[in-house]
1. Just for the chain, what percent of DSSP beta bridges are antiparallel, to the closest 5?
2. List the residues, sorted by chain then number, that are 5 or more residues from residue 106 or on another chain and whose placed amide H is less than 5 Å from its amide H.
3. Sorted by average packing, counted as other Cβ atoms within 10 angstrom per residue and highest first, what order do 259-270, 343-354 take?
4. Would you mind pulling out the separation of the Cα centroids of the range 175-230 and the range 89-159, in Å?
5. For the chain, what is the largest minus smallest coordinate of the Cα atoms on each principal axis, given in angstrom and ordered from greatest to least?
6. If you project the alpha carbons of the range 246-370 onto the principal axes, what extent comes out on each, in Å, largest first?
7. Can you check what the net charge comes to around residue 155, using other residues whose Cβ is under 10 Å from the Cβ of residue 155 (Lys, Arg +1; Asp, Glu -1)?
8. Could you pull out every Cys in the chain that lacks a partner Cys with its beta carbon under 4.7 Å away?
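Nothing in this text is a laboratory measurement; each read-out follows from the coordinates by a stated rule. Everything quoted here is computed from the prediction, not taken from an experiment. All Cβ positions, even for glycine, are placed from backbone atoms using ideal geometry, and neighbour counts span all protein chains on display.
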Amino acid sequence: MYMNETPITVTSPLLPDLADFNDMLKQIWDSRWITNNGSFHKQLESALCEYLKVPYVSLFTNGTLPLITALQALRITGEVITTPYSFVATTHALWWNGIRPVFVDIDWNTGCIDPNKIEAAITSKTTAIMPVHVYGKPCDTEAIQTIADKYGLKVIYDAAHAFGVEVDGKSVLHAGDMSTLSFHATKVFNTIEGGAMVMHDEQTKKRIDYLKNFGFAGETEVIAPGINSKMDEVRSAYGLLNLKQVDTAIEARHQVAIKYREALRNVEGIEFWDDLPGVKHNYSYFPIFVHQKTYGMSRDELYYKMKEQGVMGRRYFYPLISDFTTYRGLPSATKDNLPVATEMAREVICLPMHHALTEEDVQRVLECIIR
Ligand code: T4K
């Protein structure tokens, strides 16, 4: 029935006003300073510190390179405990550092790594834990830190989805040794491509700034085999404009979440999460879990039915990272070791969720699911 209508995609980028962006481009052109810690880069770093309520932010060109760089900066080696229920970049960052990923199962109530299962996975080679605040749901950071302290492990959070998320008024980005963000086009806050690392002290900020600039600590000094991951002035300017409208965008997402929850609450066989008490959410994703037996249709049947109607939900995160050819041979990659993650990956569909969804869009999505 909707074949001729515009597809409703899982997300849609938040775009700055073009005239405002043009004004900023003019300033960049006039200054002739287009990258390498320029004026808009500095402004965006300090604006993000203020918005995210954190002391130090280092901008990157995407959300994958700060993960790779964090592991380098902390000299992580051997084995790292991580989650299979994430975007593949999380585990790739370990592999690129020659580190062996050790997958630990997740908690059904959040999709995040289950702290109760971490200790059993620790060996003499374990040096760190890399959890993910998946969908922006905060991990149990206290429990994870307790384990890390007990065994002397570092904690690097992949907070790619957790822009602006707070627990009891405090940013989740304070947890662990470092956190990384993605500002990809598909994220709540985007700089087209982009990302950042959040750290807690000035020394680390300095070191990370060196590492993302080839390791240069001055004109003639290189302190480590660094990489090039500097955000340019054009994207920094774009980010400054988007930051001004991100709260409005998050509130629009919140309203969509309210409508989805109201309509789906009594649909048998469809499960979703409510907001967690004390948590400021960013509504970056809206996952539902399709219980085939009670819903009467499998996740994939519903997924393809939605697609036929032009409703482009996505199966984030299916397949599990541990099921990809690169990783499935690892001892921790078995279904027996990862029963919750395996079930979640089999049942999940992320519904369209973004700031520009109209009432009509929301109804079109819901009509596919409610029969
Ligand atoms: N850690 C985690 C936990 C992550 O989720 C990610 C990235 C990373 C690390 C790494 O961060 P980055 O290095 O990417 O900064 C997307 C994104 O490319 C990826 O950033 C994201 N996670 C992942 C979950 O999703 P795809 O392949 O699903 O995106 P794509 O191109 O299919 O886009 C999805 C939909 O968004 C489209 O159907 C329509 C809409 N869209 C997309 C783009 C790019 C637009 O409307 N306009 C656009 O320009 O991976």
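1. Numbers: 24 of 40 bridges.
Percent antiparallel among DSSP bridges in the chain is about 60.
2. Here 114, 340, 341 satisfy the definition.
3. On the way: 259-270: 14.6, 343-354: 21.5.
Result, highest mean Cβ count within 10 Å first: 343-354, 259-270.
4. Result: 21 Å between the Cα centres.
5. Cα spread of the chain along its principal axes, largest to smallest: 67, 57, 38 Å.
6. That gives 46, 33, 25 Å along the principal axes, largest extent first.
7. Details: positive: 154; negative: 149, 177.
For residues surrounding residue 155, the net value is -1.
8. 49, 350, 368
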